[in-house]
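Visitor: Questions regarding the structure given below will be posed in turn.
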Amino acid sequence: MSDLLGIGSSGVRAYQAALNVVGENIANAGTKGYVRRDATLVEQTSGTGRQILYVGNQAGGGVRFAGVARQWDAFRAQAVRTSTADSGRTGAAVAWLERIEQALTGPGLSATLTRFFNAAEGVAADPTGVAPRTTFIDAAAGVAAAFTATADGLALAEADLRATAAMAGDELNGLLAGLAEANGGLARARAGSNEQAQLIDRLSALASVHVTTEENGAATVRINDHQGPVLVDRGTVRPVQLALNPSGTLGITVDPFGRPETASLRGGSLAGVSDAGTRLADLRARLTDMATGFADGVNAVQAGGRDLDGQPGTPLFDAGAGDGRVALTPIGPRQVAAPPRSRRARRSRSQAFSSRSRAARRRATATRYRPWARAAATTATWRH
């Protein structure tokens, strides 16, 4: 009778614990990151005789509550982490590319260049006039300001990108440390924890990671795949160091002060930052080339023409900073040179221009200002 009562009481205790698990599942049905848990019940043996292989000596112990197991699929979890990393990369890249686009289009460089070329056409059409030269200088000031504002906008975007990468690196190291701590607390639970799952999910949003879980629930985290550098191994953390390279890519060094390993990310918001950094570095280089070519071309046309005093034109722009910024040389309208005129153009203006349509005059002006025309064509394609 005592054995029967003992078996019954063990069942009550075990199923009371199981009902507590069910209640916890219901209470956390809407909790983000919570995974359903199942109670594990096992037979409780009572025999302690010498014949340990004799089942009869071990019967009559009832049932006992052995613990809680989280119901999850490792392969599905890895697939979700991969999707999270891909989404994080795309989202971060789009956000930064929109910021870069605003830096390119905000100053209105294309419109100011168009205005400048129209003003240059006015100087060519009236080579002895002062008013067209005044308009030309105003348009040149607008171009220089637009180049400089565009360069400043891209430089500011790069500075913010570097700051974002530094903060993301600190967050990543904090998550790795928290995961290692959670791993240490799972040595007794042997089932994983919601805290651990949430940390891994946050890691996946930042970087592409591969996670393997041991029998006791402790997670080993690597970059990208099962062959990548180890970030967390049980309770051991290998910190990471992030830096934007001159090419704009995000360099990652694992364990920089121990056994350093370099890696590149395939996913996560940090990979999106790297994509944006690469694009930004390319655009800054192209803007610098465009500014230099534009300034050199305009200055060459100035040097080949004559101002109102019969002297060679003064250089108009200075792009010597080498970062896409353009400065306007302070000159007066009389120092603006008209481009050299052909023999046909030296005829009276009324006769020369009455025989040409407006389109023909534009083509003739573009021929004399060919370096500027090349720069104008460049503005239509350099942002793509």
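The values are calculated or read from the model by the stated rules, or taken from the named source; none is laboratory data. Quantities reported herein were computed from a predicted structural model and do not represent experimental measurements. Every residue, glycine among them, receives a Cβ derived from its backbone with ideal geometry; neighbour counts consider all protein chains shown.
Visitor: Picking from A303, A281, which residue would you name as being of a type in the set (A, V, I, L, M), surrounded by fewer than 14 Cβ atoms within 10 Å (Cβ to Cβ) and more than 25 Å from H210 (Cα to Cα)?
Guide: Values: A281 fails: surrounded by fewer than 14 Cβ atoms within 10 Å (Cβ to Cβ).
Just one listed residue meets the conditions, A303.
Visitor: In this structure, is A151 touching a Leu at 6+ places or on another chain (Cβ under 9 Å) and either part of a helix (DSSP H, G or I) or buried (at least 20 other Cβ atoms within 10 Å of the Cβ) (or both)? Break it down stepwise before answering.
Guide: Numbers: touching a Leu at 6+ places or on another chain (Cβ under 9 Å): yes; either part of a helix (DSSP H, G or I) or buried (at least 20 other Cβ atoms within 10 Å of the Cβ) (or both): yes.
Yes: the conditions hold for A151.
Visitor: Take the conditions in contact with a helix residue (DSSP H, G or I) (Cβ under 7 Å, 6 or more places away or on another chain), within 29 Å of Q102 (Cα to Cα), among the acidic types (D, E) and in a helix (DSSP H, G or I) and apply them to E171. Does it pass? Before the answer, list the steps.
Guide: Working: in contact with a helix residue (DSSP H, G or I) (Cβ under 7 Å, 6 or more places away or on another chain): yes; within 29 Å of Q102 (Cα to Cα): yes; among the acidic types (D, E): yes; in a helix (DSSP H, G or I): yes.
When the stated conditions are applied, E171 passes them.
For every residue, the table says whether it meets (1) more than 24 Å from the chain's Cα centre (by Cα); (2) among the polar types (S, T, N, Q); (3) assigned to a loop (DSSP other than H, G, I, E, B).
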residue: R202; (1), (2), (3): no, no, no
residue: T212; (1), (2), (3): yes, yes, no
residue: N216; (1), (2), (3): yes, yes, yes
residue: V221; (1), (2), (3): no, no, no
residue: D225; (1), (2), (3): no, no, yes
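Visitor: Being surrounded by fewer than 22 Cβ atoms within 10 Å (Cβ to Cβ) and in contact with a Ser or Thr (Cβ under 6 Å, 6 or more places away or on another chain) is true for just one of T249, T213. Which residue is that? So that I can check it myself, show each step before the final result.
Guide: Values: T213 fails: in contact with a Ser or Thr (Cβ under 6 Å, 6 or more places away or on another chain).
After ruling out the rest, the residue left standing is T249.
Visitor: Only residues that are assigned to a loop (DSSP other than H, G, I, E, B), surrounded by fewer than 17 Cβ atoms within 10 Å (Cβ to Cβ) and either at pLDDT below 90 or of a type in the set (G, A, S) (or both): list them for segment 227-246, please.
Guide: R234, G235, N245, P246
Visitor: Does any residue of segment 309-319 turn out to be surrounded by 22 or more Cβ atoms within 10 Å (Cβ to Cβ), among the hydrophobic types (A, V, I, L, M, F, W, C), in contact (Cβ under 8 Å) with a residue 60 or more places away in the chain and assigned to a helix (DSSP H, G or I)?
Guide: no
Visitor: Take the residues of segment 35-88 that are more than 30 Å from D225 (Cα to Cα) and among the aromatic types (F, W, Y): which is modelled with the lowest pLDDT?
Guide: For segment 35-88, the residue satisfying everything is Y54.
Visitor: Six or more apart or on different chains, Cβ atoms under 6 Å: show the pairs whose first residue is in segment 99-111 and under 14 Å from A155 (Cβ atoms) and whose second is among the hydroxyl-bearing types (S, T, Y) and surrounded by 15 or more Cβ atoms within 10 Å (Cβ to Cβ).
Guide: Every condition considered, the pairs that remain are P107/T150.
Visitor: Follow-up question, since we're still on this one. When the residues of segment 285-300 are narrowed to those that are surrounded by fewer than 20 Cβ atoms within 10 Å (Cβ to Cβ) and touching a helix residue (DSSP H, G or I) at 6+ places or on another chain (Cβ under 7 Å), which ends up nearest to E101 (Cα to Cα)?
Guide: From segment 285-300, those surrounded by fewer than 20 Cβ atoms within 10 Å (Cβ to Cβ) are 285-286, 288-289, 292-293, 296-297, 299-300; that's our starting set.
Still in the running and touching a helix residue (DSSP H, G or I) at 6+ places or on another chain (Cβ under 7 Å): 293, 297, 300.
Details: G293: 22, G297: 26, A300: 31 Å.
Applying the filter and picking the extreme gives G293.
Visitor: Looking only at segment 244-268, count every residue that is under 20 Å from R202 (Cα atoms) and touching a Lys or Arg at 6+ places or on another chain (Cβ under 7 Å) and tell me the total.
Guide: Residues flagged as under 20 Å from R202 (Cα atoms) and touching a Lys or Arg at 6+ places or on another chain (Cβ under 7 Å) within segment 244-268 amount to 3.
Visitor: Condition test on A276, is it at pLDDT 90 or above, aliphatic (A, V, I, L, M) and within 30 Å of V232 (Cβ to Cβ)?
Guide: Working: at pLDDT 90 or above: yes; aliphatic (A, V, I, L, M): yes; within 30 Å of V232 (Cβ to Cβ): yes.
For A276, the condition - at pLDDT 90 or above, aliphatic (A, V, I, L, M) and within 30 Å of V232 (Cβ to Cβ) - is met.
Visitor: Sticking with this one: Take the residues of segment 112-128 that are of a type in the set (G, A, S) and in contact (Cβ under 8 Å) with a residue 24 or more places away in the chain: which is farthest from M290 (Cα to Cα)?
Guide: Applying the first criterion (of a type in the set (G, A, S)) to segment 112-128 yields 119-120, 122, 124-125.
If we keep only those that are in contact (Cβ under 8 Å) with a residue 24 or more places away in the chain too, we end up with 120, 124-125.
Working: A120: 19, A124: 24, A125: 27 Å.
Step by step, filter segment 112-128, then rank; the result is A125.
Visitor: Scan G23, G106 and give me the residue that is at pLDDT 75 or above, surrounded by fewer than 18 Cβ atoms within 10 Å (Cβ to Cβ), at negative phi and in contact with a Ser or Thr (Cβ under 9 Å, 6 or more places away or on another chain).
Guide: Details: G23 fails: in contact with a Ser or Thr (Cβ under 9 Å, 6 or more places away or on another chain).
So the residue among G23, G106 that is at pLDDT 75 or above, surrounded by fewer than 18 Cβ atoms within 10 Å (Cβ to Cβ), at negative phi and in contact with a Ser or Thr (Cβ under 9 Å, 6 or more places away or on another chain) is G106.
Visitor: Can A124 be described as modelled with pLDDT under 90, surrounded by 14 or more Cβ atoms within 10 Å (Cβ to Cβ) and either within 18 Å of R279 (Cα to Cα) or in contact with a helix residue (DSSP H, G or I) (Cβ under 6 Å, 6 or more places away or on another chain) (or both)?
Guide: Numbers: modelled with pLDDT under 90: yes; surrounded by 14 or more Cβ atoms within 10 Å (Cβ to Cβ): yes; either within 18 Å of R279 (Cα to Cα) or in contact with a helix residue (DSSP H, G or I) (Cβ under 6 Å, 6 or more places away or on another chain) (or both): yes.
Considered against the rule, which asks whether it is modelled with pLDDT under 90, surrounded by 14 or more Cβ atoms within 10 Å (Cβ to Cβ) and either within 18 Å of R279 (Cα to Cα) or in contact with a helix residue (DSSP H, G or I) (Cβ under 6 Å, 6 or more places away or on another chain) (or both), A124 comes out as yes.
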